[in-house]
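Taking it in order: structure first as structure tokens, then the write-up.
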Amino acid sequence: MFDYTIQIDNVVKRYAAHVAVRDLTLRVPRGAVYGLLGPNGAGKTTTIRMILNIIAPDEGTISILGRPANDPAITDRIGYLPEERGLYRKMQVRRVLRFLAELKGMKGNVADRKITEWLERFDLKTADKDWGLSKIDELSRGMQQKVQFIGTLLHDPDLVILDEPFSGLDPINAQALKDTIVELKQRGKTIIFSTHLMDNAERLCDSVCIIAQGTKVLDGTIREIKHSHGTRNLALGLGEAPSMDLMAVLRDRALVDRVDDHNLYFDIELAKGADPQALLHRIVATGSTINRFEIVQPSLHQIFLEKVGASGIERGMTGHG
Amino acid sequence: MAKLWAIVKREFLERVRTKWFIIVTIFGPVFFGAMIIIPAVMAKRSKSSSEFINTRILDATTTGFGQRIADAMKRGQSPGAVVPQVSVIKPSELSQAESTATRQVMAKQLSGYVIADQRTLVGEEVRYAGRNATSIADMERLRAAVKDALLSQRLEGAGIESGKVRDLTFLPLRLSTERITDKGRGGSGAVSIIFAGAIAFLLYMSIIIYGQNVLRGVLEEKTSRVAEVVVSSVPSETLLAGKVLGVGAVGLLQQVIWVVTTVVMLKLRQPILEKFGVTSIPFSLPEISPGLGLLLLLFFILGFIFYASLYAAVGASVNTEQEAQQAVQPLLILLVATAVFINPILFNPTSRLASVMSWLPFSAPIIMPLRLSLGSVPWYELAGSLIGLLLACFGAVWIAARIYRVGLLMYGKRPTLREMGRWLSYSR
């Protein structure tokens, strides 16, 4: 039996103009919800495509569910939801789903039964309307996304790979997807998804891997990661707008390494070796009204910023403005 | 294999289910049927036109020649039909008689009038004016009738008895043609040429239509990103093969329906035409031996695989319909260049041009079936053409599979030829 659903060792993928993935090694534990985090162009999609054996690595090895990634039998046990979603527009929903199921080696009649179950579960088949008999382009965008989830999960895969699953989802579908992920995990499936929404990743994932420019920056369980970054982060809440004196203190490089200014609220990262108590004294000395001063665990977002740099993240996409 | 079958099945069924396919497939034979029946019915109209006979002959010859013309025109007409009227006129009153006749034609009492005068007697000119002056068949019959009349008058002038003259000059001659090939006599020449031309045209049309169809299908999968889901389940080569085979099967089905209904229609031509009261010349369909049928099928399959895989590669390398239209030009040029030579080769199937074009892989799938249906082709040319086409097929599929694999997941800028060249060397 294998311990890791995905085992990637020293994988390199080069293109003519650039190296998409360089020397990537990572382990996805069995039954984990695993986040693949990184800015656009970091190599997430390339990595996913190599896991799916759509493209082959130039160097290194990938093994999936204990078998080499290019074992044809493996693809039937993987479910994949690509970042950009779409289906055959002119095709009937049921026929699309049966086709996708057959591509995963399912028999038509078995697939038909499953399709009915899933359509009912996602409210696409109710007493008065069976959307399964409609064409794809007669469905609303949200319904099309549901159909695409069904296509990903219909064959009951052991490994589910979701590329940016939350992008473009309305809140209701996002909730449905989150519930589905949790349920899949409870049934012992391994889920790997890429995202640049750190809040989502932090809440859903057991483990994450942050990659940037094709290189792994950091990986491990959320707990380990937070723990190893946990001692130097402070939360500071003020009763009024910060004074010039206070800002001068926060800019003191001997004490503070980095500060994320939210006007009345500050995420502060202490300089190496600095004493939180010394900082508190200096802040009190400026005469500011302090509502909160707390040593906190950093958010994944902060760790991400620290490791990748603010330039690596698209503003407005992270939920942190 | 099951997955390939799933793809072939989808490509086939989704196309056969469309209204477009059903309409075109049913409408095709109806169209062919109309092509066979309507011209024959039209020909009948112009043949036994009663207008031809509802004529006044203005005879200004003073020799009674007008009556001879009338007799000649009546020949072959059923008894009791309208008879041409003859008015004997003094040459000086001709212009007045003409204007009277013109008014009668305008009032639809007559179809037209013939003017016979001295120049007619010497065999120079006979004039006709009438509503049916543009009917080639009517005018040809009139000319023949006047010629007969002249001939019989001259023969009588030479001292031959008038009853005998009638027998001698009655010559309803028809030219019927038959073609001889290396294998012997084989149906009428015209039918054989029409048949070969139809085969070449059918192949050309289906390659273009269904090649485009493959291209659009690939582009749809690429732009809708379905391709990404599919190639995560099967290798891109399987998707490509399934698409080409599925679409090819649709094209083949349509052709089989067309050919079978057309053959049936041609067999039923006689009875149908009789319903319209037309007695048509019986003509025999060229015999298609099983061997020839098999060869035609083989050329269609190879030709389709050759072009369709290239069409698929084009579809995978572009992002929009507009880009596709540009990128597909080289393929279209190859096909159109071939089509341009269908006509000359049809009339000269043993020329050097014909033989060169059956060796070239891009024109062989159209030109070789054309030559095969016209008659026998030297075995070495047939073998060479087939082997060349087969090799070209392998080459095209090899190139297409690589371009397809890389292009399908490559979005954004349209690749240059050099970039596409580099794709060929990508492992995976």
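Condition first: more than 28 Å from residue A:139 (Cβ to Cβ), modelled with pLDDT under 90 and acidic (Asp, Glu). Can you find one or more residues in segment A:61-72 that meet it?
Yes, there is a match, as at least one residue in segment A:61-72 is more than 28 Å from residue A:139 (Cβ to Cβ), modelled with pLDDT under 90 and acidic (Asp, Glu).
Which of the residues that make up segment A:30-75 are open to solvent by less than 30 Å² (accessible area, probe 1.4 Å), facing another protein chain (nearest Cβ under 8 Å) and either free of Cβ contacts under 8 Å to residues at least 12 places away in the same chain or in a strand (DSSP E or B) (or both)?
A:54
So that you can scan it fast, the table gives a plain yes or no per residue for (1) over 30 Å from residue B:146 (Cβ atoms); (2) surrounded by fewer than 21 Cβ atoms within 10 Å (Cβ to Cβ); (3) at pLDDT below 90; (4) away from chain A (no Cβ under 14 Å):
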residue: B:7; (1), (2), (3), (4): yes, no, no, no
residue: B:20; (1), (2), (3), (4): yes, yes, yes, no
residue: B:44; (1), (2), (3), (4): no, yes, yes, yes
residue: B:47; (1), (2), (3), (4): no, yes, yes, yes
residue: B:63; (1), (2), (3), (4): no, yes, yes, yes
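Look at residue B:355 and say whether it is touching a residue at least 24 places away in the same chain (Cβ under 8 Å), surrounded by fewer than 20 Cβ atoms within 10 Å (Cβ to Cβ), assigned to a loop (DSSP other than H, G, I, E, B) and away from chain A (no Cβ under 14 Å). Step through it out loud before you land on a result.
Details: touching a residue at least 24 places away in the same chain (Cβ under 8 Å): yes; surrounded by fewer than 20 Cβ atoms within 10 Å (Cβ to Cβ): yes; assigned to a loop (DSSP other than H, G, I, E, B): no; away from chain A (no Cβ under 14 Å): yes.
Answer is no for this residue.
Starting from residues that are in a helix (DSSP H, G or I) and touching a strand residue (DSSP E or B) at 6+ places or on another chain (Cβ under 8 Å), keep the ones in segment A:201-216 and report whichever is least open to solvent (accessible area, probe 1.4 Å).
Going residue by residue through segment A:201-216, those that are in a helix (DSSP H, G or I) are A:201-204.
Keeping just the survivors that are touching a strand residue (DSSP E or B) at 6+ places or on another chain (Cβ under 8 Å) gives A:201, A:204.
Details: A:201: 0, A:204: 25 Å².
Residue satisfying both the conditions and the ranking: A:201.
Looking at segment A:265-294, which of the residues that are in contact (Cβ under 8 Å) with a residue 40 or more places away in the chain and in contact with a helix residue (DSSP H, G or I) (Cβ under 7 Å, 6 or more places away or on another chain) is nearest to residue A:236 (Cα to Cα)?
Ranking the qualifying residues of segment A:265-294, first place goes to A:293.
More than 8 Å from every other protein chain (Cβ to nearest Cβ), hydrophobic (A, V, I, L, M, F, W, C) and within 21 Å of residue B:3 (Cα to Cα): does that describe residue A:78? Before you say what the answer is, go through the steps one by one.
Values: more than 8 Å from every other protein chain (Cβ to nearest Cβ): no; hydrophobic (A, V, I, L, M, F, W, C): yes; within 21 Å of residue B:3 (Cα to Cα): yes.
Considered against the rule, which asks whether it is more than 8 Å from every other protein chain (Cβ to nearest Cβ), hydrophobic (A, V, I, L, M, F, W, C) and within 21 Å of residue B:3 (Cα to Cα), residue A:78 comes out as no.
In segment A:94-140, how many are farther than 15 Å from residue A:152 by Cα and part of a loop (DSSP other than H, G, I, E, B)?
Final tally of qualifying residues: 10.
Applying the selection to segment B:383-404, what residues are open to solvent by 30 Å² or more (accessible area, probe 1.4 Å) and either of a type in the set (A, V, I, L, M, F, W, C) or in a loop (DSSP other than H, G, I, E, B) (or both)?
B:383, B:386, B:387, B:390, B:391, B:394, B:397, B:398, B:399
Within the bounds of segment B:183-195, is there any residue that is basic (Lys, Arg) and at pLDDT below 70? Give the steps one after another, and end with the answer.
If we filter segment B:183-195 for residues that are basic (Lys, Arg), which is where we start, we get B:183, B:185.
Narrowing further to those that are at pLDDT below 70: B:183, B:185.
Taking every residue of segment B:183-195 in turn, at least one turns out to be basic (Lys, Arg) and at pLDDT below 70.
Just the residues that are assigned to a helix (DSSP H, G or I) and within 14 Å of chain A (Cβ to nearest Cβ), please, taken from segment B:189-228. Steps first, answer last, please.
Pass one, segment B:189-228, residues assigned to a helix (DSSP H, G or I): B:189-223, B:226-228.
Matches in segment B:189-228: B:213, B:216, B:217, B:218, B:219, B:220, B:221, B:222, B:223, B:226, B:227, B:228.
Any idea which of (1) of a type in the set (Asp, Glu); (2) within 12 Å of chain B (Cβ to nearest Cβ); (3) surrounded by fewer than 19 Cβ atoms within 10 Å (Cβ to Cβ); (4) farther than 30 Å from residue A:41 by Cβ is the one residue A:138 doesn't satisfy?
Here residue A:138 clears every test but (2).
To keep it simple, each residue is scored yes or no on (1) basic (Lys, Arg); (2) modelled with pLDDT under 90; (3) crowded, with 19+ Cβ neighbours inside 10 Å.
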site	(1), (2), (3)
A:133	no, no, no
A:142	no, yes, no
A:161	no, no, yes
A:164	no, yes, yes
A:168	no, yes, no
A:172	no, yes, no
A:183	no, no, no
A:187	yes, no, no
A:196	no, yes, yes
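Out of everything in segment A:16-28 that is out of contact with any helix residue (DSSP H, G or I) (no Cβ under 9 Å at 6 or more places or on another chain) and surrounded by fewer than 15 Cβ atoms within 10 Å (Cβ to Cβ), what residue ends up being nearest to the other protein chains (Cβ to nearest Cβ)?
A:17
Within segment A:243-302, can you find the residues that are polar (S, T, N, Q) and over 30 Å from residue A:195 (Cα atoms)?
A:243, A:277, A:286, A:288, A:289, A:291
Matching residues to (1) open to solvent by less than 40 Å² (accessible area, probe 1.4 Å); (2) facing chain B (nearest Cβ under 9 Å); (3) touching a strand residue (DSSP E or B) at 6+ places or on another chain (Cβ under 7 Å):
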position	(1), (2), (3)
A:90	no, yes, yes
A:93	yes, no, no
A:100	yes, yes, no
A:105	no, yes, no
A:109	no, no, no
A:120	no, no, no
A:124	yes, no, no
A:129	no, no, no
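Residue-wise test of (1) touching a strand residue (DSSP E or B) at 6+ places or on another chain (Cβ under 7 Å); (2) in a strand (DSSP E or B); (3) of a type in the set (Val, Ile, Thr).
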| position | (1), (2), (3) |
| --- | --- |
| B:110 | yes, no, no |
| B:114 | yes, yes, yes |
| B:138 | no, no, no |
| B:145 | no, no, no |
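Can you name the condition, by its number, that residue B:178 falls short on among (1) modelled with pLDDT of 75 or more; (2) open to solvent by 20 Å² or more (accessible area, probe 1.4 Å); (3) away from chain A (no Cβ under 14 Å)?
(1)
At least 1 residues that are closer than 30 Å to residue A:21 by Cα and open to solvent by 40 Å² or more (accessible area, probe 1.4 Å) in each: list the strands (runs of 3 or more DSSP E) lying fully within segment A:217-288 that qualify. Don't jump to the end; show me each part of the working.
Details: elements: A:233-238, A:256-261, A:265-270.
Those strands (runs of 3 or more DSSP E) span A:256-261.
Just to be sure I understand the filter: pairs with C-beta atoms under 9 Å, separated by 6 or more residues or on different chains, first member in segment B:129-143 and under 24 Å from residue B:94 (Cβ atoms), second member part of a helix (DSSP H, G or I) and among the β-branched types (Val, Ile, Thr). Which pairs pass?
From residues that are under 24 Å from residue B:94 (Cβ atoms), the pairs are B:129/B:102; B:129/B:105; B:130/B:105; B:131/B:105; B:142/B:69.
Considering only segment B:405-428, how many residues are within 23 Å of residue B:241 (Cβ to Cβ), at the interface with another protein chain (Cβ under 9 Å from one of its Cβ atoms) and surrounded by fewer than 12 Cβ atoms within 10 Å (Cβ to Cβ)?
The number of residues fulfilling the criteria is 1.
The values are calculated or read from the model by the stated rules, or taken from the named source; none is laboratory data. Because the structure is a prediction, the values reported are computed rather than measured. Virtual Cβ from ideal backbone geometry, glycine too; neighbours counted across all protein chains shown. Each accessible area value is taken on the protein alone, full model and side chains, heavy atoms only, with ligands, DNA and RNA left out. Shrake-Rupley method; radii C 1.70, N 1.55, O 1.52, S 1.80 Å.
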